[in-house]
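Have a look at the structure below, then the notes.
Read-outs: derived from the displayed coordinates by stated rules, not from any lab. Just so we're clear, the structure is a prediction, and the values are computed from it rather than from any experiment. With ideal geometry, Cβ positions are generated from the backbone for all residues, glycine too; neighbour counts draw on all protein chains shown.
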Amino acid sequence: QTTTRERLISLLSDSDDYISGQKLSEIIGCSRTAVWKHIEELRKEGYVVEAVQKRGYRITVRPNNLHPGEIKNHLNTEKIGQVVHFENTVTSTQEIAHKHALNGAEEGTIIIADEQTVGRGRLGRAWHSPKGSGVWMSIILRPNIPPQKAPQLTLLAAVSVVQGIEEVTGLSAQIKWPNDILIDGKKVVGILTELQAEADRVNSVIIGIGINVNTPKEAFPKDIETIATSLKVEKGEEIERAYLVRAIMEKMEKLYHIYLEHGFAPIKLMWESSAASLGKRVRVRTITGELYGKAQGITEEGVLLVEDDEGTVHRVYSADIELPQKS
Ligand code: BTX
């Protein structure tokens with residue numbers, strides 16, 4: 001699966017010293033001309049590749065891009081992220097992931113794009129996915145579970161993203177049931193889970209993750225400028241996107257192993273420790289109506305339990321939750 005280009009990036013990044021064209025071509029198993037052509041390609045994309053006579057090549061500057069070579073460089077997973085399809089511009093990575101899934105893509109395959117023109121949220125809503133500043137990706141999983149358990153994977157994905165963000169930026173994010181990740185009360189990540197399933201079993205779960213990474217504050221459209229934020233805005237510095245994706249893939253693979261072996265219970269505990277809404281009064285808006293009450297917790301299936309003022313506990317399968325304003 002690893003291409004010449006990916007090997008090249010990996011070799012030139014691992015080495016503190018220069019590597020000669022001859023040596024590169026021997027290790028990779030291609031001609032020196034092929035090596036040279038790939039290096040020219042990398043330069044066009046913003047890599048600074050130093051070339052010194054008699055010594056060879058070295059990468060000194062890497063662009064903040066999401067090319068598979070960058071993501072897979074040092075990626076410590078068995079499955080998740082081992083196959084990466086990168087596109088500059090797509091309608092929606094979900095749409096493309098569905099096609100790959102139907103065509104038998106391997107578990108763990110990711111589709112990632114620099115820009116989405118029709119990024120989608122839940123219930124037909126749009127997801128703002130401008131060029132170059134975010135992570136817009138879809139991950140294909142094939143767990144052997146019944147369809148009604150699939151929402152658990154949204155929660156698992158949310159925990160992975162929170163852990164990945166924490167590792168790379170040190171920022172502590174919170175999860176708002178079921179699929180939003182907030183920093184300081186503002187939305188920095190959205191997660192959308194879609195299924196290809198039969199009545200009793202899942203064929204594939206397609207987890208779409210949208211992260212505002214380097215979006216400048218003033219670049220958010222008017223309708224979301226007060227509710228959205230980016231990692232860069234919160235951290236005050238540019239974040240390397242490929243590094244973030246890698247961290248999330250690694251966290252997700254660990255959690256997914258735990259999930260397949262021990263079920264949802266351990267993931268539920270981790271989710272609860274990052275949950276923004278638990279124990280608080282919330283407003284729940286479903287397609288059929290509204291409900292006020294205290295968010296008690298989630299069930300083993302990932303269903304939210306809300307206790308209303310009369311003491312009745314409601315099981316909420318799908319809704320938008322509003323948290324009280326911070327005082
Ligand atoms: P959601 O329906 O919970 O959230 C959508 C709502 O969030 C919008 O109506 C808008 O108010 C707000 N919003 C839109 N864009 C942004 C943004 N960039 N940052 C913060 N708030 C925003 C959430 O749906 C699920 C989003 C999943 C996105 C990923 S990206 C990769 C994959 N491909 C794809 O088309 N969707 C997923």
- Simple spin-label estimate for Leu102/Thr3, 7 Å along Cα→Cβ, in nm, reads 2.4
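Using C-alpha positions alone, give me the convex hull volume of the chain per residue in cubic angstrom. Let's see the in-between values first.
Details: hull volume 48.2 nm³, N = 327.
Looking at the chain, the number lands at 147 Å³ per residue.
Among Lys23/Lys235; Lys23/Lys44; Lys149/Lys232; Lys79/Lys222; Lys37/Lys251; Lys37/Lys232, which pairs are too far apart, with a Cα-Cα distance over 32 Å? Don't skip to the end; give the middle numbers.
Details: Lys23/Lys235 41 Å; Lys23/Lys44 23 Å; Lys149/Lys232 34 Å; Lys79/Lys222 39 Å; Lys37/Lys251 35 Å; Lys37/Lys232 35 Å.
The pairs that break the limit, which is 32 Å between Cα atoms, are Lys23/Lys235; Lys149/Lys232; Lys79/Lys222; Lys37/Lys251; Lys37/Lys232.
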- Note on the structure: Length-normalised contact order of region 186-250, Cα under 8 Å, at least 6 apart, in percent, tallies to 29
- For region 4-61, rounded, prolate or oblate, judged on the Cα gyration tensor with a ≥ b ≥ c (square roots of eigenvalues), a/c < 1.5 rounded, else prolate if a/b > b/c? rounded
- Query: How far is the Cα center of region 239-286 from the Cα center of region 157-224, in Å?
  - Reply: 10
- Signed unit charges on C-beta, dipole axis of the chain, positive-most listed residue Gly302, Val316, Leu141: Leu141
- Message: How far apart, in nanometres, would the label points at Asn144 and Ile227 be if each is projected 7 angstrom from Cα along the Cα-to-Cβ direction?
- Response: 4.1
- Item | region 281-322, relative contact order [Cα under 8 Å, separation at least 6], % | 37
- Message: Under 13 Å between alpha carbons, and skipping anything fewer than 8 positions from Lys217 in its own chain: which aspartates and glutamates qualify?
- Response: Glu225, Glu234, Glu237, Glu238
- Item | Helical contribution to [θ] at 222 nm, DSSP H n ≥ 4, -39,500 (n - 2.57), averaged over the chain, rounded to 500 | -9500 deg cm²/dmol
- Among Ile209, Thr4, Leu255, whose Cα sits farthest toward the positive end of the charge dipole of the chain (+1 at Cβ of Lys/Arg, -1 at Cβ of Asp/Glu, about the Cα centre)? Thr4
- Query: If contacts are Cα pairs under 8 angstrom and at least 6 residues apart, what is the relative contact order of region 1-128 in percent?
  - Reply: 20
- How big is the charge dipole of region 13-79 about its Cα centre, in debye rounded to the nearest 20, if each Lys and Arg gets +1 on its Cβ and each Asp and Glu gets -1 on its Cβ? 180
- Could you list the square roots of 5 times each eigenvalue of the Cα gyration tensor of region 76-142, that is, the equivalent ellipsoid semi-axes, sorted largest first and rounded to whole Å? 21, 14, 10
- Give the range of the longest stretch in the chain that excludes all trypsin sites (Lys or Arg not before Pro) found in loop regions by DSSP and having at most 16 other beta-carbon atoms within 10 Å. 202-279
- Note on the structure: Expected unfolding gain across Thr288-Leu123 under the 0.36 nm per residue rule, minus the alpha-carbon gap, is 58.1 nm
- Task: With label points built 7 Å along Cα→Cβ from the Cα atoms of Glu238 and Lys217, find their separation and express it in nm.
- Result: 2.0
